[in-house]
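Chemist: Below you will find the structure I want to go over with you.
The values are calculated or read from the model by the stated rules, or taken from the named source; none is laboratory data. If you're wondering where the values come from, they're calculated on a predicted model, not measured in any experiment. As a convention, Cβ positions derive from the backbone with ideal geometry for all residues, glycine included, and neighbour counts pool all protein chains shown. Side chains included, ligands, DNA and RNA excluded: accessible areas come from the protein's heavy atoms. Shrake-Rupley method; radii C 1.70, N 1.55, O 1.52, S 1.80 Å.
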Amino acid sequence: MRVTDERLSSTNTDNRSIRTDGGDRSLRTDRSREPNCPGSLIVVSNRQPYRHEYDESDDERSVSVDEPTGGLTAGLDPVCQRTNGTWIAWGDGDADFDVADDRHCVSVPPSSGAYTLRRLDLSEDAVDSYYRGFSNRVLWPLCHGFTDLLEERPNDFEWYRSVNDQFATAVADHADDDSVVWIQDYHFALAPRTIRDSIPSSAAVAQFWHIPWPTPETFRDCPAAVGILEGLLGNDLLGFHVDRYAKNFLECVERALPSATVDRDRHTVRYDGEATTVVATPMGVDAKRYDRNARSADPSRLSSVFSTNGVSSETVLGLGVDRLDYTKGIPERLAALERFFERNPRWRGSFTFVQKATPSRTEIPAYQRYGEFVRDEVERINRRFATEDWRPIVYTDSYLETETLAALYRRAEVMIVSPLVDGMNLVAQEYVASSSDADGTLLLSDRTGAHERLGSHAFTIDPTDVDGFARRIDDALSTPRHERRRRMSALRNRVFDRDIGWWMATQFDWIRRVHDDRQHEGHSDLDPDSPEYTSPI
Ligand code: ADQ
């Protein structure tokens, strides 16, 4: 199986295992540690937590349930199960609407039917324009500062608005006085305002923006900038990974909406009679699961990855795991590796760098060009240094099971995470969680959200400084074991302390505040005695 798009991201997960028994995400038993949502939860996301697909084998046709295994969905699904919530998402499975009722609702997980999944039936034109268009050709490059890659196609924004409206209508169908609507990511910048206007005023609306928020200078290039900000200010709570993005957002509001009142100390915006609290809550990973998978992985999983790719089992291993996205700094990483092998011939033959890349958004020309460039660079560098039985860089885009990925993380002596910009970056945290021997080294770009939490004990890199980056690879490989263990133990403490459960509990604490406020006041005036905003990093 080859996974070919960005659904692998933790918010848009498609690293799915096909299951027919309705999944194995159990409800946690330690209830005191469970993230607890106030009110009745309605999750809104582009991708759905369960997808129904037809299986055609021989003469038989059956339906299977395809279930994502990634961070956010795996974390939120048990909360929805416990709270009997509702999840609204695009139905992209070929059997999705055949198994749903007239309102496009289906009970999930199939084994227990604990909550309602409401699916939206989006036309191919809608998906092409809202998702592959405005979301990924405008908002994604804009928020990452790649304004030269902005592609404005006719109709994309109108479709974006129309799909946001469809989601808002679906939310209104399910919302009641006590609802908490929790919207995920940049596919829904306009929906919060429409939702706010169409659900009871005592219900709360929150959103988490998983990618960076740009500076006002960059945001100026946003088509429909005012509409986007007004849409987002329909939220009672807006979450970002780190303080920097929250501050950028407040600054953009100040500049683009003169009638808005921005309180930078309390991180609130008052606009059009409503208040929005803007917070930074950095997302974590399911650290225990990665640790468990890494410890228990069958060694044959790894040997088969090594033998398939011609990697010696003795090699010192470097690793990169990314979607093939122009934000991830893969060419910069390859340039640094080339410089490293140039300067350090002693490592030729004994150090191998494995780049696990997942093709992503391949319908978009900028992504096609990027993928081709990366593959050409790998070939060029390999031609330069390879010997009969060794290649410096092994590139693979085949699918890896989560368990295999955890085993690979554990085995890698050096992990390189070098984005040019990245909202958070979960791969860096997954590597740390999987390093159960505590002797791996993490090279981490200072332009990732994750660097704010992990920078002090990782090997910091500036991905554009080829010489400095190459030196850091050498440093990491030459660091004595006791020092590697010291650094990795500190990183592990941080990743385990601030895991996905912590992130959800923190989000729900903030949501509880705005929800309580709406319940008691009937509107969103913030309590003047509420604590000032503090960054939880
Ligand atoms: P992404 O840009 O997709 O996410 P990242 O945070 O690294 O980046 O998450 C990628 C996820 O996909 C990881 O969980 C990783 O394990 C998984 N993955 C990648 N390739 C895989 C493969 N071949 N097999 C299995 N799994 C694979 C966006 C933002 C980030 C932000 C997250 C969460 O761009 O900045 O950290 O959302 O908010």
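Chemist: What percent antiparallel are the DSSP beta bridges of the range 287-497, to the nearest 5?
Modeler: 5
Chemist: Evaluate the distance, in nm, between pseudo-label points positioned 7 Å from the Cα of Thr460 and of Glu217 along their respective Cα→Cβ axes.
Modeler: Each label point lies 7 Å from its Cα, and together they span 2.1 nm.
Chemist: Moving on. Report the Cα-based extents of the range 258-361 along its three principal axes, largest first, to the nearest Å.
Modeler: Cα spread of the range 258-361 along its principal axes, largest to smallest: 65, 37, 28 Å.
Chemist: Just how many % of Cα pairs in the range 351-455 lie over 22 Å apart, if you round to the nearest whole percent?
Modeler: When all Cα pairs of the range 351-455 are counted, 41 percent exceed 22 Å.
Chemist: A follow-up question, please. Just to confirm the number: angle between the C-alpha axis of helix 402-411 and the first principal axis of the chain, 0 to 90 degrees, nearest 10?
Modeler: Tilt relative to the chain: about 40 degrees.
Chemist: Report for the chain the percent antiparallel among DSSP-assigned beta bridges with both residues inside it, nearest 5.
Modeler: Values: 23 of 70 bridges.
If we restrict to bridges inside the chain, about 35 percent are antiparallel.
Chemist: Rounded to the nearest 500 deg cm²/dmol, what is the calculated helix-only ellipticity per residue at 222 nm for the chain, with -39500 (n - 2.57) per DSSP H run of length n ≥ 4?
Modeler: Per the formula, -11500 deg cm²/dmol.
Chemist: Now a separate question. Going 7 Å from the Cα of Arg295 in the Cα-to-Cβ direction, what parts of the range 399-428 have a backbone nitrogen less than 19 Å from that spot?
Modeler: Label zone hits: 402-412.
Chemist: Over the chain, what is the relative contact order in percent, taking alpha-carbon pairs closer than 8 angstrom and at least six residues apart?
Modeler: Values: 1106 pairs, mean separation 82.6, N = 537.
Once divided by the residue count of the chain, the mean separation gives 15 percent.
Chemist: If the chain between Glu372 and Arg244 were fully stretched, how many nm would it gain, using 0.36 nm times the residue separation less the Cα-Cα distance?
Modeler: Numbers: separation 128, 0.36 × 128 = 46.08 nm, distance 3.30 nm.
Stretched fully, the Glu372-Arg244 segment lengthens by 42.8 nm.
Chemist: Then there's this: Over all distinct alpha-carbon pairs, what is the Kirkwood Rh of the range 287-497 in angstrom?
Modeler: Numbers: mean 1/r = 0.0586 Å⁻¹.
For the range 287-497, the Kirkwood estimate is 17.1 Å.
Chemist: Using a 1.4 Å probe and ignoring any ligands, DNA or RNA, find the accessible area of Val432 and quote it in Å² to the nearest 10.
Modeler: Number for this one is 0 Å².
Chemist: Sticking with this structure for a sec: Just the number, please: Stokes-Einstein D of the range 440-512 in µm²/s, Kirkwood Rh from C-alpha pairs, 10 °C, 1.306 mPa s. Please report the intermediate quantities before stating the final value.
Modeler: Details: Rh = 13.7 Å.
D = 116 µm²/s.
Chemist: With the dipole of the range 287-497 worked out from charges on the C-beta (+1 for Lys and Arg, -1 for Asp and Glu) around the Cα centre, which of Ala366, Tyr290, Ile461 lies farthest toward the positive end?
Modeler: About the Cα centre, the residue reaching furthest to the positive side is Tyr290.
Chemist: Over the Cα atoms of the chain, Rg to Rh with Kirkwood Rh, two decimal places? All intermediate terms of the calculation are to be shown ahead of the outcome.
Modeler: Details: Rg = 23.1 Å, Rh = 24.0 Å.
Reported Rg/Rh (Cα atoms, Kirkwood Rh): 0.96.
Chemist: For helix 466-478, report the angle its Cα long axis makes with the longest principal axis of the Cα atoms of the chain; keep it between 0 and 90° and round to the nearest 10°.
Modeler: Tilt relative to the chain: about 70 degrees.
Chemist: Evaluate the relative contact order of the range 157-291 (contact order divided by residue number), counting alpha-carbon pairs under 8 angstrom at least 6 apart; express in whole percent. Can you show the working numbers first?
Modeler: Working: 230 pairs, mean separation 27.5, N = 135.
Contact order relative to length: 20 percent.
Chemist: Further, regarding this structure: Relative to the longest principal Cα axis of the chain, at what angle does helix 365-385 sit, 0 to 90 degrees, rounded to 10?
Modeler: Taking Cα atoms only, the helix is inclined about 20 degrees.
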